[in-house]
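The structure appears right after this line, and notes come after that.
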Amino acid sequence: MKGKLYFVRLKGLLALFVLAFAAAVPIRLYQYFTVIAPSTGFYRSLNWAVYALYIIVGVFSLINIILALLSAEAVQSKMPEGKSKLLGVVSIGYAVCFLIDAVMKISSFALAFIGYSAGSVRLGMWRYITANGYVPVILQAIFALFAAIYFIVFGMSYLAGKDTFRDSKLLALSPMLWAVSKMISGLMKPISYVKVSELLLELFATAFLMITFLSFARVSSQISEKGEMRKIFAYGLPAALFSLVCSVPRFVLVLVGKASALATDYGVEIMLFSSAVFLLVYICVTMYLGNRELPEEIEEKLEDETIDDDFLAE
């Protein structure tokens with residue numbers, strides 16, 4: 001999509017993100033103390049806070065996607081070049097979070113296997129795994145391990161000021177495949193559309209992460225990368241907002257001693273929080289270290305190329 005809105009700047013999108021975050025997170029915290037039933041996560045009633053939260057995150061996502069895709073401030077499909085200690089450290093920290101997620105998922109499956117072995121009813125191991133929705137859990141653990149390896153390579157590359165991560169083309173797909181597995185796992189939960197106060201927000205966050213990480217993989221690997229950096233801005237900021245709305249209020253509740261207000265199986269969400277942090281750092285570093293050209297400069301370059309072609313034709 002060709003950009004035509006010359007007045008839209010990427011810094012403006014970040015400012016909109018800050019405003020949406022500052023409005024959505026307090027409202028989400030207010031919901032925990034007023035309309036969300038402890039332990040179950042059900043909405044006990046629908047008041048202004050429920051509608052306000054969905055309006056804020058929905059309107060921001062729509063506006064951000066439209067403006068990012070139509071912005072005339074062209075961002076080339078290239079990752080930040082050179083050394084970046086900030087991006088390197090954050091990427092390695094993100095890798096650690098993936099390792100933790102993999103260990104947690106493997107532990108969950110191991111406990112289920114122990115329960116299956118101790119049970120008297122034998123349905124068959126494979127039937128037991130599929131019936132209880134452990135296939136996406138296993139895949140999530142596997143892809144989390146591969147994603148951890150990739151982000152270690154990614155982070156070390158930026159700490160050294162090299163681009164060795166570009167050779168890991170298959171590993172670059174692992175964050176996206178992890179998000180796909182997480183999405184499938186969420187949709188297979190029997191309370192998927194009942195605990196709407198928790199799971200629906202997580203599903204939206206995961207969906208935006210899937211789209212963003214697909215573009216991230218293309219840019220990282222330099223495969224069909226044209227226009228993908230703009231998509232990272234378009235979908236990455238909504239992914240970060242939904243992820244923070246899911247994770248930050250839970251952190252706050254635990255810190256103030258109100259962990260009992262959290263729904264069962266919806267405790268501190270380290271992966272969504274770390275994903276939001278990584279995307280925000282990546283986007284900000286891209287703005288200052290990435291190869292960025294203003295529309296006027298692009299037009300001048302195209303004119304120069306046209307003149308050269310005409311000269312050669314003569």
Self-check item: Contour minus Cα-Cα distance for SER39 and LYS189 (0.36 nm per residue)
Solution: 52.4 nm
Quiz prompt | Diffusion constant of the stretch 154-289 at 10 °C, which comes from Stokes-Einstein with the Kirkwood Cα-pair radius and 1.306 mPa s, µm²/s | solution = 99 µm²/s
Practice problem: For CYS284, tell me the accessible area in Å² from a 1.4 Å probe, rounded to the nearest 10. | Solution: 50 Å²
Quiz item: What nm value, rounded to one decimal, do you get for the distance between SER260 and LEU200 when each label is placed 7 Å out toward the C-beta?
Solution: 2.8 nm
Quiz prompt | Spin-label zone in the stretch 163-185 - amide nitrogen under 14 Å from a point set 7 Å from the Cα of ILE223 along the C-beta vector | solution = 166-177
Quiz prompt | Euclidean distance between Cα centres, the stretch 250-266 to the stretch 9-70, Å | solution = 19 Å
Practice problem: Would you mind calculating the gained length between TYR288 and TRP48 on full extension (0.36 nm times residue separation, minus the Cα-Cα distance), in nm to one decimal? | Solution: 82.4 nm
Exercise. Take the cross-link list LYS85/LYS231; LYS11/LYS83; LYS85/LYS258; LYS182/LYS226; LYS83/LYS258; LYS189/LYS226 and give me the ones stretching past 32 Å between alpha-carbons.
Key: LYS85/LYS258; LYS83/LYS258; LYS189/LYS226
Quiz item: ALA263's amide H: which non-local residues (gap 5+, or another chain) put their own amide H closer than 5 Å, with H modeled 1.01 Å from N in plane and none for Pro or chain starts?
Solution: SER39
Quiz item: Once amide H atoms are built 1.01 Å from N in the peptide plane, which residues 5 or more positions from GLY227, or in another chain, come under 5 Å H to H?
Solution: SER77
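The values are calculated or read from the model by the stated rules, or taken from the named source; none is laboratory data. Note that this is a predicted model, so its numbers are computed, not measured. Cβ: placed from backbone, ideal geometry, glycine included. Neighbour counts: every protein chain shown. Heads up: the accessible areas ignore ligands, DNA and RNA and are worked out on the full protein's heavy atoms, side chains in. Shrake-Rupley method; radii C 1.70, N 1.55, O 1.52, S 1.80 Å.
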